[in-house]
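Just so it is clear, none of the values below were taken in a lab; they were calculated from the coordinates. Computed from a predicted structure; not experimentally measured. Heads up, the Cβs are rebuilt from the backbone with ideal geometry, glycines too, and the neighbour counts pull from every protein chain shown.
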Amino acid sequence: MAAAIAYSLQDTQPDIFYPDSDGKPTANNTEHAECIATTKYGIESVFADRDDVFVAMDLFWYPVKGKPRIVLAPDVMVALGRPPGKRKSYRQWEEGGIAPQVVFEFLSDSNTTSEMAAKAVFFERYGVQEYYIYDLERKELSGLIRFKEEDDLLEEIPDMNDWTSPRLGIRFDMSSGNLQLYKPDGQPFLSFLEVEALRQQAEAKLEQAREELGETREQLLITAQMLDQSQSRTNALAAKLRELGINPDVL
């Protein structure tokens, strides 16, 4: 009877609540927001033809079932082996046990040393393979990596300039004094405004090409009409010569 009662009590316990937000803004300033968004959408564009890569920004990641206090929301995280799509949070036990392998943090003046140290411990403990940190104020880039997946610890990458992520294939460039990410095909990550400018340029070129094509078609039509008129005059002349007893074919 005691076992039955214990089972009944356990069965009626409410579900554990996993919050989807802490009520804090995603970014602390416009530069911070742009870096996060550009990185997130740039990585998504790299893997646009794959259905097994999930990329998110400022999404709560719960690595341990039943432990809602163990949570962190990286600025950008990438989970290889998981499908893209909408999620209110990343609950690892519902994602085949796969931890995000790559995370990005963009530091602003509100980030403290103790906060970043705690994040590094969290990422190391719960399976992150590559951890990249860019300080927006100091323009400093650093990275930690498990050189082998079975390694226990994340190790510092000695030189991040021209570093290429082993798992994402993206390249980090600091030669300009600011962080610039490049896709595996060598194309740079672009901000929304840069993408929009390129889209408008492409539309303008397309419209110009359409106008030029229309002008070419019109010119071809005029040329065809002139040829028809010329052929009509030639046929009329040939008919007149035949009336005069002259065979135009032998002229």
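Observations
- Using Cβ point charges alone (K and R +1, D and E -1), the dipole size of the chain about the Cα centre works out to roughly 700 debye.
- Counting all C-alpha pairs of the stretch 115-230, share separated by more than 16 Å (%): 74 percent
- Calculated P(r) of the stretch 197-250 - Cα pairs past 15 Å, %: 67 percent
- Stretching the chain fully between residue 167 and residue 52 yields a gain of 40.1 nm (0.36 nm per residue, less the alpha carbon separation).
- Overall form of the stretch 93-168 per C-alpha gyration tensor (a/c, 1.5; a/b vs b/c): oblate
- Backbone amide hydrogens, once placed in the peptide plane, bring residue 170 within less than 5 Å of 165, excluding anything fewer than 5 places away on its chain.
- Label-point separation, residue 30 to residue 238 (7 Å along Cα→Cβ), nm: 7.4 nm
- Where labels lie 7 Å past Cα in the beta-carbon direction, separation of residue 138 and residue 125 in nm: 2.5 nm
- As a calculated quantity, the FRET efficiency between residue 18 and residue 175 at R0 = 45 Å, using C-beta atoms, amounts to about 0.60.
- Between 0 and 90°, nearest 10: helix 113-125 axis offset from the chain longest Cα axis: 80 degrees
- Under Karplus coefficients 6.51, -1.76 and 1.60, residue-wise ³J(HN,Hα) of the stretch 38-53 in Hz, glycine/proline x: 4, 5, 4, 6, x, 5, 4, 5, 4, 10, 4, 8, 10, 10, 10, 9
- Highest mean first, the peptides 54-65, 38-49 sorted by other C-beta atoms within 10 Å per residue fall in the order 54-65, 38-49.
- With the charge dipole of the chain set up from +1 on Lys and Arg Cβ and -1 on Asp and Glu Cβ about the Cα centre, the Cα lying farthest toward the positive end among the listed residues 206, 223, 154 is that of 223.
- Binned Cα-Cα distances of the stretch 147-188, short to long, each 10 Å bin given as a whole percent: 27, 47, 23, 4
- For 223, 113, order by how many other beta-carbon atoms lie within 10 Å, fewest first: 113, 223
- Net charge in the neighbourhood of residue 135 (other residues with Cβ under 12 Å of its Cβ; Lys, Arg +1, Asp, Glu -1) is -3.
- Based on alpha carbons, the Rg and Dmax found for the chain are 32.4, 127 Å.
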